[in-house]
Amino acid sequence: RCVPDKQRSFALGVQSVFLRLLGTIPGPILFGVAIDKSCTLWDINECKTKGACWVYDNERMAYLLMGISAACKIITIIFVVMAVCLYKPP
């Protein structure tokens with residue numbers, strides 16, 4: 001509704017690029033960092049290289065994952081409210 005009919009496919013393409021960049025790339029990275037932060041016992045080999053996690057702190061992992069999800073939801077709500085308040089119909 002915000003763009004002319006001739007530019008609709010271009011606008012949908014731009015929207016798709018933004019959704020991919022802001023939705024699919026940082027999400028797995030943030031959740032991976034949260035999972036790594038909740039590890040309490042790492043497998044360390046002879047070369048002192050950190051490997052897989054053996055024991056997780058389940059309560060900390062739950063708080064971290066819920067915190068990330070809640071923060072993203074709050075940011076989404078803020079942007080939706082801004083869009084509703086600032087949108088002016090043509």
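The values are calculated or read from the model by the stated rules, or taken from the named source; none is laboratory data. Keep in mind that this is a model prediction, so the values were computed, not measured. Note that each Cβ is placed from the backbone with ideal geometry, even for glycine, and that neighbours are counted across all protein chains shown. Heavy atoms of the whole protein, side chains included, go into the accessibility calculation; ligands, DNA and RNA do not. Shrake-Rupley method; radii C 1.70, N 1.55, O 1.52, S 1.80 Å.
What dipole magnitude, in Debye to the nearest 20, does the chain give about its Cα centre under +1 on Lys/Arg Cβ and -1 on Asp/Glu Cβ? Each step should come with its number before you reach the end.
Values: 10 positive and 6 negative charges, 122 e Å.
That gives the chain a dipole magnitude of about 580 debye.
Excluding ligands, DNA and RNA, the accessible surface per residue across the range 5-86 is 84 Å² with a 1.4 Å probe.
At a Cβ-Cβ separation cutoff of 4.7 angstrom, cysteine residues of the chain with no neighbouring cysteine are CYS2, CYS47, CYS72, CYS85. Taken over the chain, the alpha-carbon convex hull comes to 110 cubic angstrom per residue.
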